[in-house]
Amino acid sequence: MHAHRFPIRIGRRSAGFLRFVFGVRPSSAWAEVTDGLLVVRFGRAEFRTELANIARWRIEGPFLWVTAIGIRLSLRHRDVSFAGSPHGGVRLDFTRAVPWGPFKVPAVYVATDDLEAFAAAIADAGIPGEDVRRA
């Protein structure tokens, strides 16, 4: 499989905050779909799982700025978000929760610059999904 790298959108107003708190720069904020793997890099943080572990995808958003920017762990659902902009994200639900530090993550949100292209790369791996922004 050919590697597809998708930049995570970094908003102009949030760039300084993201660089200071999470070490995010445009060169270190991306999601990659390659060789049966999903790898997300967001500054100093990295998240990875096998594509076969992704049960479904869903494009959602836009989100409120205060709830979207940075690396966010939902205390209620334990999902993790990697976002540099509130424009929206692709939610990836897992078949098996993915160990990430001390957490077991059942889903992630990845706010790539091109949500549709990122979702299409996941769909090309045979994973079903939907764009609920148009529902």
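I'm trying to understand the selection: among the residues of segment 63-76, which are in a loop (DSSP other than H, G, I, E, B) and either touching a strand residue (DSSP E or B) at 6+ places or on another chain (Cβ under 6 Å) or surrounded by 20 or more Cβ atoms within 10 Å (Cβ to Cβ) (or both)? Before you say what the answer is, go through the steps one by one.
First pass over segment 63-76, keeping only residues in a loop (DSSP other than H, G, I, E, B): 63-64, 69, 74-76.
Passing the criteria: only I69.
Within segment 95-135, work out how many residues are assigned to a loop (DSSP other than H, G, I, E, B), of a type in the set (A, V, I, L, M, F, W, C) and open to solvent by 60 Å² or more (accessible area, probe 1.4 Å).
The initial filter retains those residues of segment 95-135 that are assigned to a loop (DSSP other than H, G, I, E, B), namely 101-102, 111, 113-114, 125-128, 135.
Among the residues that remain, those that are also of a type in the set (A, V, I, L, M, F, W, C) are: 111, 125, 127, 135.
Still in the running and open to solvent by 60 Å² or more (accessible area, probe 1.4 Å): 135.
Going through segment 95-135 one residue at a time, the tally reaches 1.
Look through A97, A15, A45 and report the one residue that is of a type in the set (G, A, S), farther than 23 Å from D124 by Cβ, touching a strand residue (DSSP E or B) at 6+ places or on another chain (Cβ under 8 Å) and modelled with pLDDT under 95. Break it down stepwise before answering.
Details: A97 fails: modelled with pLDDT under 95; A45 fails: modelled with pLDDT under 95.
After ruling out the rest, the residue left standing is A15.
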Could you give every pair whose Cβ atoms fall below 8 Å, whose first residue belongs to segment 66-77 and is under 12 Å from G89 (Cβ atoms), and whose second residue is hydrophobic (A, V, I, L, M, F, W, C) and modelled with pLDDT of 85 or more, counting only separations of at least 6 or pairs across chains? A68/A83; A68/A111; I69/F17; I69/L18; I69/A83; R72/V80; R72/A83
All positions within segment 1-31 that are open to solvent by 50 Å² or more (accessible area, probe 1.4 Å) and either among the β-branched types (V, I, T) or within 21 Å of V105 (Cβ to Cβ) (or both): V21
Looking only at segment 44-80, filter to residues that are out of contact with any helix residue (DSSP H, G or I) (no Cβ under 8 Å at 6 or more places or on another chain) and aromatic (F, W, Y); which one of those is nearest to F103 (Cα to Cα)? F47
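Per-residue answers, yes or no, for (1) more than 11 Å from Y109 (Cα to Cα); (2) over 13 Å from the mean Cα position of the chain (by Cα); (3) outside any helix (DSSP H, G or I); (4) at pLDDT below 90:
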| site | (1), (2), (3), (4) |
| --- | --- |
| V33 | yes, no, yes, no |
| T49 | yes, no, yes, no |
| R78 | yes, yes, yes, no |
| S81 | no, no, yes, no |
| R91 | no, no, yes, no |
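The values are calculated or read from the model by the stated rules, or taken from the named source; none is laboratory data. Just so it is clear, the structure is predicted and the values come from calculations on it, not from any experiment. All Cβ positions, glycine included, derive from the backbone under ideal geometry; neighbour counts span all protein chains shown. Heads up: the accessible areas ignore ligands, DNA and RNA and are worked out on the full protein's heavy atoms, side chains in. Shrake-Rupley method; radii C 1.70, N 1.55, O 1.52, S 1.80 Å.
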